[in-house]
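Visitor: My structure is below; once you've seen it, I'll send some questions.
The values are calculated or read from the model by the stated rules, or taken from the named source; none is laboratory data. For clarity, every value in this text was computed on a predicted model and none was experimentally measured. Methodologically, a virtual Cβ is constructed for each residue, glycine included, from the backbone with ideal geometry; neighbour enumeration extends over all protein chains shown. Heads up: the accessible areas ignore ligands, DNA and RNA and are worked out on the full protein's heavy atoms, side chains in. Shrake-Rupley method; radii C 1.70, N 1.55, O 1.52, S 1.80 Å.
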Amino acid sequence: MPDPFYEPSALRVQSSEERRLLDRLMHALLPALCLGCGRPLPAAGAPLSLCAVCRAALVPIPREACASCLRPLAAHALPAGYRCGPCRQSPPAFDRLVALWSYRPPLDAVVRGLKFGRLDYLGRHLAVALAAGLAPGLAGCDQVVPVPLHWRRRLARGYNQAERIAHPLAGRLGLPCVQALARRRATPPQSLLGREERLANLRKAFRVPRPDRVRGLHILLVDDVATTGATLDAAAAALKKAGAAAVTALVAGRTPLEPIAGDRGQDPTE
Ligand SMILES: [Zn+2]
Ligand SMILES: [Zn+2]
């Protein structure tokens, strides 16, 4: 007679740590597949878990782009710091935005794997690529700060994907990585709010518990992706309010913006 109270251990709710270990084990036993096209990867693995063909398909950020939003500008050989019309009109709180790629396939599959597929090692892969591609332009930064997740979301995911990128990136840049920002509360369902209310809401979501840890410093604020840029803007505003001297926002992927016809950009100091 079967024990009615018998509960197979496989049905237990697993902690995120257990799930991650299980994933690692599955990963070791099964041939890894390219996140972009699904073809088997070499046994030794591949950067970003992408095959060579998919890695070559990653779309770089256009060379001539707005310093604040990376919108392509209709000009050539622009000096650093040029901004598009909208960014001159309402500049974001961060001083500039840097990214390695446009957030298009196959990068979206890598970021989804990091965020929702529990493939936390992709954070390190992204950090390696970011350091290799962007390090010379980051020489003035003093300290790396990841964009925090609210603890509830962090608990559900098991980790903060921005931290998984920021930590190894800081190591490669020879900078300290400091969790200087805290999230006040889960961002409420925003779909019913207008744009202004959404921004106001988001601006209240970040705080700096120890302003002495950022005061006077040039912060490298790290997140996985910039979509509207509103999260980076809100986080940078909190850092500036706490006394940070400058904020460079860095992401792996930037949602591409359409160029504005004839916008050649302008020097923000003009
Ligand atoms: Zn592929
Ligand atoms: Zn812009």
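Visitor: List the residue pairs whose Cβ atoms are under 8 Å apart, where the first residue sits in the stretch 90-111 and is within 16 Å of ligand 1 (Cβ to nearest atom) and small (Gly, Ala, Ser), the second is open to solvent by 30 Å² or more (accessible area, probe 1.4 Å) and not in a strand (DSSP E or B), and the two are 6 or more positions apart or on different chains.
Guide: Matching pairs, first to second residue: Ala109/Leu35; Ala109/Gly36.
Yes/no per residue for (1) over 18 Å from Ala67 (Cβ atoms); (2) at pLDDT below 95; (3) of a type in the set (A, V, I, L, M, F, W, C):
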{"position": "Asn201", "(1), (2), (3)": "yes, yes, no"}
{"position": "Val208", "(1), (2), (3)": "yes, no, yes"}
{"position": "Pro211", "(1), (2), (3)": "yes, no, no"}
{"position": "Thr227", "(1), (2), (3)": "yes, yes, no"}
{"position": "Gly253", "(1), (2), (3)": "no, no, no"}
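Visitor: It is to be established whether one or more residues within the stretch 33-52 are part of a loop (DSSP other than H, G, I, E, B), within 13 Å of ligand 2 (Cβ to nearest atom) and on the phi < 0 side of the Ramachandran plot.
Guide: Scanning the stretch 33-52, I find no residue that is part of a loop (DSSP other than H, G, I, E, B), within 13 Å of ligand 2 (Cβ to nearest atom) and on the phi < 0 side of the Ramachandran plot, so the answer is no.
This table checks each residue for (1) surrounded by fewer than 23 Cβ atoms within 10 Å (Cβ to Cβ); (2) away from ligand 1 (no atom under 16 Å from the Cβ); (3) not in a helix (DSSP H, G or I).
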site	(1), (2), (3)
Gly216	yes, yes, yes
Ala236	no, yes, no
Ala249	no, yes, yes
Ala252	no, yes, yes
Pro259	yes, yes, yes
Asp263	yes, yes, yes
Pro268	yes, yes, yes
